[in-house]
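Following: one structure in C-alpha cells, then a few remarks.
What follows draws every value from the coordinates through simple rules; no lab data is involved. Quantities reported herein were computed from a predicted structural model and do not represent experimental measurements. So basically every Cβ, Gly included, is an ideal-geometry build from the backbone, and we count neighbours across all protein chains shown.
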C-alpha cells in the first residue's frame, strides 16, 4: 500500500504549491491554487489528473487558479465554510470537525482564523502532516488581516497541539527574513542560532525551507514562544498574557 505522495514546488515568486497523490486510488489534490498554468504544467509532468483542490483561505494568491483548473479537470473544490462566498468555484464548504476523504486518506479540518477570518488547515494525522496555508510559517506566522492577536494566538495554539513529528507545509518561502527577525526577539536561543545558519545554507543552494516540523517550530519560532522568559523580559511584558506577548511580537514584525 503506497503512502501519500507529496510534491511541493514554487510558484509566483515566493508561494509554494503542493500536489498530493494517492496512486492506489488515482486521486490528486492541489493545496490551494495560486496559478492554474503552473499547477497544470506540473500535473502534466507527473502524469496526474487533478481531482481536488483543498483551499485554505480566500486570498487570490491561493485561489486565482481555482476556476481554470476546475474547468480543465472537473475537480472538486473544498474550502472554508466561513469564506465560501469568497472562494471561486467552491463545491464543498467545510468547518472544524469535518473530515475530507481523499483516496485512502482522511483529512481533519481545523479552523485557524486570524490571517483571514475563516482560514482553515488540513491535517492528516495518520501521515503526520498538516497543510496550514498562511497561518503558520517556518519561523514565522501570517499577518493578522481579518482577526486580532487573540484569535491568531488561539489558532497557533491549536496547531501546537499537533504531535511534535507533524510535518508542517505552509504557503510561502519567507524563512530567511523570518529568521533574521526571530534573532532580534530571542537572540540567546541557541537552537534558533543554529537553525538560522542552516536556513542560510539551504537558500544559498536554492533549496526550500518547507516543510518544517512542529517540534522545530516550538523550539525556535518566536511566534510560538510567548512563554519564554527571555522574550518576555526583552519586550518588558513579564506579566502579560501569552496572546498579548504574541501580539507585540507580531506588531514588531509588521513594522520591521
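Extension gain residue 150-residue 44, at 0.36 nm per residue separation less the Cα-Cα distance, in nm?
Contour length minus the Cα-Cα distance gives 33.9 nm.
If I build a Gaussian network model for the chain, linking alpha-carbon pairs within less than 10 angstrom, which residue out of 173, 217, 146 has the largest mean-square fluctuation?
Ranking 173, 217, 146 by mean-square fluctuation puts 146 first.
Whole angstrom only: what separates the Cα centroid of the range 189-205 from the Cα centroid of the range 65-140?
That distance is 30 Å.
Output the 0 to 90 degree angle, nearest 10, between the alpha-carbon long axis of helix 242-254 and the longest principal axis computed from the alpha carbons of the chain.
Tilt relative to the chain: about 80 degrees.
Compute the separation of the alpha-carbon centres of the range 211-255 and the range 7-51 and state it in Å as a whole number.
If you average the Cα positions of each part, the centres end up 34 Å apart.
With both bridge residues required to lie in the chain, what share of the DSSP beta bridges run antiparallel, to the nearest 5%?
Working: 28 of 40 bridges.
Around 70 percent of the beta bridges assigned by DSSP in the chain are antiparallel ones.
So how compact is the range 1-104: Cα radius of gyration and Dmax in angstrom?
Radius of gyration, then largest Cα-Cα span, for the range 1-104: 12.8, 38 Å.
Counting only helical runs of four or more DSSP H residues, what would the 222 nm mean residue ellipticity of the chain come to if each run contributes -39,500 (n - 2.57) and the total is spread over all its residues?
It lands at -10000 deg cm²/dmol.
In Å and on Cα atoms, what radius of gyration and Dmax does the range 30-171 show?
14.5, 44
How much FRET efficiency would the formula 1/(1 + (r/R0)^6) give for residue 158 and residue 198, where r is the Cβ-Cβ distance and R0 is 25 Å, rounded to 0.05?
Values: r = 27 Å, r/R0 = 1.10.
For R0 = 25 Å, the calculated efficiency reads 0.35.
If a paramagnetic tag sat 7 Å from the Cα of residue 72 along the Cα-Cβ line, which residues of the range 1-45 would have the backbone N under 11 Å from that point?
Only 35-45 pass the distance filter.
Can you pull a Stokes-Einstein diffusion coefficient for the chain at 4 °C (1.567 mPa s), Rh from Kirkwood over Cα pairs, as a whole number of µm²/s? Write down the numbers at each step before the final one.
Values: Rh = 18.5 Å.
Rounded to a whole number, D works out at 70 µm²/s.
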